[in-house]
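The values are calculated or read from the model by the stated rules, or taken from the named source; none is laboratory data. These numbers were taken from a predicted model, which means no experiment stands behind them. Glycine gets a Cβ as well: all are built from the backbone with ideal geometry, and neighbour counts include every protein chain shown. These accessible areas exclude ligands, DNA and RNA; they are computed on the full protein's heavy atoms, side chains included. Shrake-Rupley method; radii C 1.70, N 1.55, O 1.52, S 1.80 Å.
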Amino acid sequence: MVPARARVRRLTLGWTVRDSLTVTKRNLLTLTRNPELVVFATIQPVLFVLMFRYVFGGAIQVPGEDYVNFLMPGIWAQAVVFGAVSTAVGLAEDLQSGLIERFRSLPMAPSAVLVGRTNADLVRDVFVIALMCVVGFLVGFRNQTDALAFLAALLLMLAFGYSMAWVFAVFGLRAPNAETAQAAAFPVMAVLVFASSAFVPTETMPGWLQVFADHQPVTAVVDAVRALVLGGPTASYVVTAVAWIVGIVVVFGTLAVVRYRRVT
Amino acid sequence: MECMTENGGYAAGCRENRRDRATMQSVIPDAIEVDDIAKQFGEVRALDGVSFGVARGTVLGLLGPNGAGKTTAVRILTTTMRPDRGRASVLGLDVDHDAQRVRESIGLAGQYAAVDESLTGSENLWMMGRLTHLSQSASRSRSKELLVRFGLDDAGDRQVKTYSGGMRRRLDLAAALVHRPSVLFLDEPTTGLDPRSRRGLWDVIGELVADGTTLLLTTQYLEEADRLADRIVVIDQGQVIAEGTSAQLKARIGTTIIEAVFADPASAEGARTLLAPLGELTDADDGRALSLQVNTGPRSIMDAVGALERAAIEPLTLAVREPTLDDVFLRLTGQRVE
C-alpha cells in the first residue's frame, strides 16, 4: 500500500555517523569558500600574541618563568574559545536561512547537524592551533618538556575547543539571528578568557575574582596545558581539565540536541 | 498547452478532466489527512481546528493571506512542528508518532529558498542526496539529472550566491526532489519572484504533478492556486473558510462579469444608465469603461447586449468573464489578497 515503506531504514548509529560526516563536509566546504572566516579566527590571536608579548608582557611578572612561555597556553585557549563563537554564528545563520528547517524535515539524524558543525569547527581549530604554535615559536616560546607532553597539551586544547563549540551551539540555537548570537556569546567568551589564568596568574586578582577564576574551565585547561609544556606535576591538573571538558560536552551537548529538536 | 486559456487558467474541459482524476482516486485513502489540528503561539491562534484531505496524485492549494496559518500547517505536516491538538497523517503515517517514516516520503521546498549559498548547486543537491540516505554515486547522478532537468546544468559548478532569485528557487525545488518523494510540500514557491520566473516555475511544478506526485501548495497568489491546484482550501485566521475546486468556489459567487469599453465617456455614461437595472455596476479606471456583475447564465448576458443594441450604443470591446478567485476571496473574507 505504501511504497515508501520499502525504503524505510531505522536510524542506526551508522546513519548518525554518516549524516554527521556529510554535514561536516558541507561545513568544511563552506569554510574553504569563505577563507575570511579562517583569517578572522587567526588574526585576533596573533594580535593578542604580539600585544601581550611586546606591549603588556614587560610589565607582567610571572614567578620562575619567561612570560612568553607562560603566555602561549593562554593564547591557544583564547584562540579556541573565540573560535567557538563561530559555531553560534554558523548555527544561527543556518536557522535564519531556513536550512535547518529543511534539515529537520529530512530523514537524517537530528544530532548530525550539530555534530557536523562542531566537527568542522574542530578541524578549523587544528589549523588555528598549528598556526599559533608557529607564531609562538617565532616570538620565543620554547617547549620545556618532551614532544609527547607537548602533543598531549595540544590535544587537550583541541578537546577544550570542541567542548566550547557545544556551549556556543546552544547560544546559536537560541538566537534569532547571527548578530544576536555573536553579541550574546561575546560577554561569556570574554569573561571566561580574561577572568582566568590565561594571561596573568590568578593570584594577582582581587579575592572574589580569584575564586571565580580558579574554578572555571579556561583556568583548569590552561593550567593543565602549562603543566604539560612547562614541566612540574601534571596528573591532577590534567584530570581536572579532562573532567571539565567531558562535563561540558555532556551537559551542553544534551542541551543543544534538546534545543535543536524544538527550534522552528 | 491547448488547455491553457489566455490568462493562464485551464479551459473548462481540461479542468473537468483534472477533477475526474481527483474523484477517481478518492476511493484510495488520502495521501494527506488533516483532522482538527490547532496550534497557538502565545496569544495568536495560528491554526484553530483545521481539517482537510488531499487525494493521491492531486494538487491541493492552501490559499490565504499572510499570517493565515499556511506555513504552520506545512510545518506540522512536514514534522518540524507538533500540533497542540488534532491529528495529521501523510501516506497513512502519523506525523507525530511516525515522523521518521514520514520524512522518508516527503519533500519540502520553502519560501526562503533554503540552500547553502557557499556551496555550488551540484554540492547542494549532493548533500541532500546523502542526507536522504542515497549512496555516494546515486547522490551524484541524481544531482546531475536534476540540474539538467531544472535548466541549471551550466550553473551547477557555481556557488549559489551567484544565482538569480529564479535559479535559487529552482534549485530549492530540485533539492526537495532528490529522494523522489511521493508527497511534496511547496510553501509559497513563487513568492517574491518576477512574473517570468514565476511562470517558469509553474511549468516545472506542472510537470511534477503530471508525474503523479501528490502536492500541497501554499500560496497567496490566486492565479497560482487557480492554475496549479485541483482543489483549493481557503484559510483565514487559522480556520478553513471555503473549500472546493476553483470552479466551485467561483460558482459560489453566482455571478458573471461583463466588461465593456466605449469610444467616448458619453456613450459609456449612456450604457451605464441602461445597464444599471440589470446587475451591479462597478466603475472602471477611466470614464470609457464599465464592469457589470450579473447573475450567471446566458439570459443576463443577452439582456445586457440587447439593451445596448436597442439604444444603438456599440462598445469598442465587449468581454464576458467568470469571476476570478480574487473576486471569491473578496467575497469570503472582505479583503483582497496581495
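Observations, loosely collected:
- Placing R0 at 22 angstrom, the Cβ-Cβ distance between residue A:254 and residue A:215 gives a FRET efficiency of 0.50 after rounding to 0.05.
- When the accessible areas of B alone and A alone are added and the area of the pair subtracted, with a 1.4 Å probe, the result is around 3500 Å², both sides summed.
- Size of electric dipole in the protein assembly as shown: Cβ of Lys, Arg +1 and of Asp, Glu -1, about Cα centre, debye, nearest 20: 1840
- Calculated FRET value between residue B:239 and residue A:66, using beta carbons and R₀ = 56 Å, to 0.05: 0.15
- On Cα atoms only, tilt of B:121-131 relative to the major axis of chain B in degrees: 60
- Between residue B:322 and residue A:47, the distance separating the two model label sites (each 7 Å from Cα on the Cα→Cβ line) works out to 6.6 nm.
- Principal-axis tilt of helix B:136-149 within chain B, Cα atoms, nearest 10 degrees: 20
- Cβ-based charge dipole, segment A:57-118, positive-most Cα from A:106, A:116, A:70: A:106
- Largest mean-square fluctuation among A:37, A:148, A:230, in a Gaussian network model of chain A whose springs join Cα atoms under 10 Å apart, belongs to A:148.
- Probing with 1.4 Å while keeping every protein chain in the model, the per residue accessible area of segment B:255-322 equals 58 Å².
- Among B:312, B:174, B:31, the largest mean-square fluctuation in a Gaussian network model of chain B, built with springs joining Cα atoms closer than 10 Å, belongs to B:312.
- Annotation for residue B:162 and residue B:194: the two label points, set 7 Å from Cα along the Cα-Cβ direction, are 2.0 nm apart.
- Unit charges on C-beta of K, R, D, E only; dipole of segment B:191-260, Debye: 120
- Calculated accessible area for segment A:41-180 comes out at 36 Å² per residue, all protein chains present (probe 1.4 Å; ligands, DNA, RNA ignored).
- Listed residues B:287, B:213, B:138: farthest to the positive end of the dipole of chain B (Cβ charges): B:138
- Proximal lysine pairs, the protein assembly as shown, alpha carbons under 29 Å, eight or more residues apart or interchain: 6
- Placing +1 on the Cβ of every Lys and Arg and -1 on the Cβ of every Asp and Glu, with no other charges, gives chain B a dipole of roughly 960 debye about its Cα centre.
- In this label model, residue B:66 and residue B:44 are separated by 1.1 nm, measuring between points 7 Å along each Cα→Cβ vector.
- Part-to-part distance (alpha-carbon centres) for segment B:161-197 and segment A:217-264, which is given in Å: 43
- Amide N of segment A:64-98 lying under 19 Å from the label point, which is placed 7 angstrom from the Cα of residue A:151 along Cα→Cβ: none
- Most to least accessible of B:321, B:299, B:101 (protein chains only, probe 1.4 Å): B:299, B:321, B:101
- Under the span-like rule (Cα at least 24 Å along the axis, Kyte-Doolittle mean at least -0.5), DSSP H helices of chain A: A:13-33, A:67-97, A:111-138, A:147-174, A:235-262
- With contributions of -39500 (n - 2.57) from each DSSP H run of at least four residues, the per-residue ellipticity at 222 nm computed over chain B stands at -11500 deg cm²/dmol.
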